[in-house]
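The values are calculated or read from the model by the stated rules, or taken from the named source; none is laboratory data. The structure displayed is predicted, hence computed values, not measured ones. Heavy atoms of the whole protein, side chains included, go into the accessibility calculation; ligands, DNA and RNA do not. Shrake-Rupley method; radii C 1.70, N 1.55, O 1.52, S 1.80 Å.
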Amino acid sequence: MGSFGLHCSSVKPSSYPPKINHHSHSSLSFSSFTLKPPFSKRIKEASLRLLDAFVDSAFEFLDQPLFPSQSNFSPVEEIGEAVDVTESVIGKIPDDFPAGVYIRNGPNPLFGGLKSTNSIFGKSSHTWIEGEGMLHALYFSKHGDGRWEVSYRNRHVETDTFKLEKARKKPAFLPAIEGDSLAVLSAYLLNYLRFGFVNKYLSNTSVFEHSGKLYSAAENHIPQEMDVFTLETRRNWDVNGSWNRPFTSHPKRDPDTGELVIMGIHPEKPYLELGVISVDGDKLLHRVDLGLDRCCLCHEIGITTRYNVIMDFPLTLDINRLIRGGPLIEYNGEEYARIGIMPRYGDPDSLRWFDVEPGCTFHIINCHEEGDEVVVVACRARGSIIPGPEFGLNKHEWFSKGFHKQITGDAEDAPFLSRVYEWRLNVLTGHAAERNLTGADYSMEFPIINDKYSSKICNYGYTQVVSPKASSTSGMTKYGGLAKLHLRERKRGDGGLIKVEHHELPENTFCSGAAFVAKRGGGGADEDDGWIATYVHNEDANTSHVHIVDAKNFSGEAVAVIDLPSRVPYGFHGAFVTF
């Protein structure tokens with residue numbers, strides 16, 4: 001999933017907060033005289049010291065407690081140099097497994113964990129999706145004699161705000177998403193006045209490759225280019241200065257043209273812009289404001305051969321709602337939901353909207369064209385797990401109840417139950433048909449496919465499967481297995497639901513960041529010729545591993561289990577990059 005902090009440094013707000021840019025003033029004018037440097041610099045430095053002193057005296061940072069069942073959500077330290085783990089392989093890495101690196105992103109908060117603050121303005125807290133990004137990488141290289149060499153390393157993504165806060169050696173940014181409205185507003189303004197940023201640049205959600213370069217991303221900022229071998233942070237990627245707003249965690253590469261389709265959401269107009277980046281990553285070929293009248297928390301964009309697919313669902317960011325005393329992020333199932341279809345290089349006039357049933361969709365499995373229809377397949381739930389309960393309510397109890405309803409089997413009253421769902425959008429008639437493709441017995445999220453089939457008809461998708469009992473106990477989502485979706489194969493006598501295979505993990509063992517790894521040199525191979533790699537944590541032994549599962553023998557045991565030298569906290573999205 002994603003990290004949905006606000007962004008304010010590269011796209012300045014038009015109305016709130018006030019237009020104050022303490023980084024760029026070269027002089028301060030006072031009626032009949034002007035103070036010039038070094039006076040203005042001294043005044044700025046003195047003002048910032050006063051603001052820091054005010055924050056230190058008025059705000060108290062508190063650690064958010066973790067229950068024992070939540071222990072693997074806590075952060076870990078960087079291990080430094082890569083560690084050889086070749087001797088820890090159980091089973092056998094397949095001979096035709098490609099050389100490359102399996103990388104997963106996820107939140108790994110500085111200073112011991114997520115924080116809350118108390119102040120004269122009220123309380124505010126980090127949400128469970130916040131926390132600085134850390135990459136975990138497992139490297140596979142093969143010697144000429146057929147021996148595999150495997151090594152592991154981890155490293156924080158060193159964003160601008162990561163370096164700023166680490167240099168201070170203590171928490172500095174006030175939580176500015178969840179909390180009492182006045183506390184969030186004061187955090188919003190004070191962060192901006194002190195740092196020029198409303199919230200930290202988290203870069204904790206996904207990793208992707210484009211034009212031979214690796215990037216780490218989260219919704220609230222542009223991506224960071226990473227060194228694939230050392231995991232060092234190289235630079236912010238703004239496409240040579242042409243993209244200066246947030247950037248989706250799930251850009252889509254057109255497999256035919258090699259171009260990268262992106263989008264960025266922002267809580268003030270323009271709420272959503274779409275872009276197309278050149279094959280070499282150096283040029284922004286197309287940029288368009290879609291003209292939305294609200295900021296939907298749109299986590300992923302879809303593509304077909306000719307079209308872009310936009311999900312405008314009623315999970316929204318609204319600063320005006322915050323000012324009125326409401327939450328910054330809210331899901332309202334009474335509001336409209338729609339899916340937009342537009343040509344790859346279209347403008348707002350070419351955008352065609354299809355009204356659909358309200359729900360919450362974070363992740364698209366795939367989109368394709370079929371006759372006059374655009375078919376969208378995604379994971380959809382009735383309600384939203386983000387941002388959580390109203391502030392002041394018991395988070396653990398609220399999340400636990402939501403997951404417990406999946407155990408009782410009452411799908412109509414289980415807001416977090418995420419099912420595979422299909423929309424068929426007829427571009428000639430304007431008709432939208434929609435239905436569930438999976439039943440209520442399993443909740444599925446974090447889908448992946450063989451990327452070669454992105455935007456085209458595909459036969460298979462793969463998801464992580466929620467363990468409702470473990471999730472209810474911990475009050476946080478845990479995935480106790482994997483599912484293989486036979487998207488073109490319907491089960492007889494079961495309402496047209498698709499066939500699903502399951503790969504279950506051992507008891508009290510949970511996975512994250514699954515990625516599809518295509519067979520080396522598989523140009524003419526079947527779509528499912530490959531493996532699912534996933535980071536796995538055994539809570540009984542408190543040990544972490546990587547499992548490699550044969551996609552063609554999906555329900556069987558993992559073909560290889562690689563023990564890791566460090567605990568890997570549960571996280572978000574992973575990718576496999578071949579060398």
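Considering only protein heavy atoms, with the full assembly of protein chains and a 1.4 angstrom probe, order LEU428, LEU110 by accessible area, largest first.
So, going from the largest accessible area down, we get LEU428, LEU110.
Given the chain, report the % of alpha carbon pairs whose separation exceeds 38 Å.
Cα-Cα pairs of the chain separated by over 38 Å account for 28 percent.
Mind checking the log10 I(q)/I(0) for region 49-127 at q = 0.15, 0.16, 0.26 Å⁻¹? Debye, one equal scatterer per Cα, no solvent, two decimals.
Summing over Cα pairs of region 49-127 leads to -0.80, -0.85, -1.26.
In a Debye calculation with equal point scatterers on the alpha-carbon sites of region 353-464 and no solvent, what is log10 I(q)/I(0) at q = 0.12, 0.19 Å⁻¹?
-0.49, -1.01
Using only alpha-carbon positions, what ratio does the radius of gyration of region 392-551 give when scaled by 2.2 N^0.38 Å?
Expressed relative to 2.2 N^0.38 Å, the Cα Rg reads 1.15.
Please give the per residue accessible area of the chain, computed with a probe of 1.4 Å over protein heavy atoms only, in Å².
40 Å²
Relative to the compact globular guide of 2.2 N^0.38 Å, what is the alpha carbon radius of gyration of region 230-274, as a ratio?
1.36
Using only Cα atoms, what Kirkwood radius does region 258-301 have, in angstroms?
Computed over region 258-301, the radius equals 11.0 Å.
Can you give me the solvent accessible area of LEU51 with a 1.4 Å probe, rounded to the nearest 10 Å²?
Rounded to the nearest 10, the figure is 40 Å².
Please report, to one decimal in angstroms, the Kirkwood hydrodynamic radius of region 478-569 built from all distinct Cα-Cα pairs.
Kirkwood radius, region 478-569: 14.4 Å.
What value does region 91-214 have for Rg/Rh, both radii from Cα atoms and Rh as Kirkwood defines it?
1.16
Please state the relative contact order of region 200-311 as a whole percent: Cα pairs under 8 Å, 6+ residues apart?
19 percent
Two-decimal Rg/Rh of region 160-297 from alpha-carbon positions, Kirkwood Rh?
With Rg and the Kirkwood Rh in hand, the quotient comes to 1.00.
If you build the convex hull over the alpha carbons only and average its shadow over all orientations, what do you get for region 296-394? Give it in nm² to one decimal.
7.5 nm²
Quick one: of LYS478/LYS552; LYS405/LYS499; LYS395/LYS469; LYS41/LYS166, which pairs are farther than 21 Å apart, Cα to Cα?
Over 21 Å Cα-Cα: LYS478/LYS552; LYS405/LYS499; LYS41/LYS166.
Taking every Cα atom in region 150-210, find the radius of gyration and the maximum pairwise distance Dmax, and write them in Å.
Taking only Cα atoms of region 150-210, I get Rg and Dmax of 14.7, 51 Å.
Would you kindly derive the ³J(HN,Hα) couplings of region 298-313 from the backbone phi angles with the Karplus curve 6.51 cos²θ - 1.76 cosθ + 1.60 (θ = phi - 60°), listing them in order in whole Hz, with x for Gly and Pro?
Rounded to whole hertz, the list is 8, 8, 8, 9, x, 9, 10, 4, 10, 10, 9, 10, 10, 9, 10, 10.
Carbon-plus-sulfur fraction of the accessible area of the chain, 1.4 Å probe, in percent?
The C+S portion of the solvent-accessible surface of the chain is 50 percent.
Bin width 10 Å, alpha-carbon pairs only: give the P(r) of region 227-382 as whole percents, running from 0 to the bin holding the largest distance.
Result, from short to long distances: 10, 37, 35, 15, 3 percent.
Contact order normalised by length for the chain, with contacts defined as Cα pairs under 8 Å and 6 or more residues apart; what percent is it?
13 percent
Sort ILE532, ILE385 by accessible area with a 1.4 Å probe, largest first.
Largest accessible area first, the residues go ILE385, ILE532.
For region 432-520, what percent of Cα pairs sit more than 18 Å apart?
When all Cα pairs of region 432-520 are counted, 50 percent exceed 18 Å.
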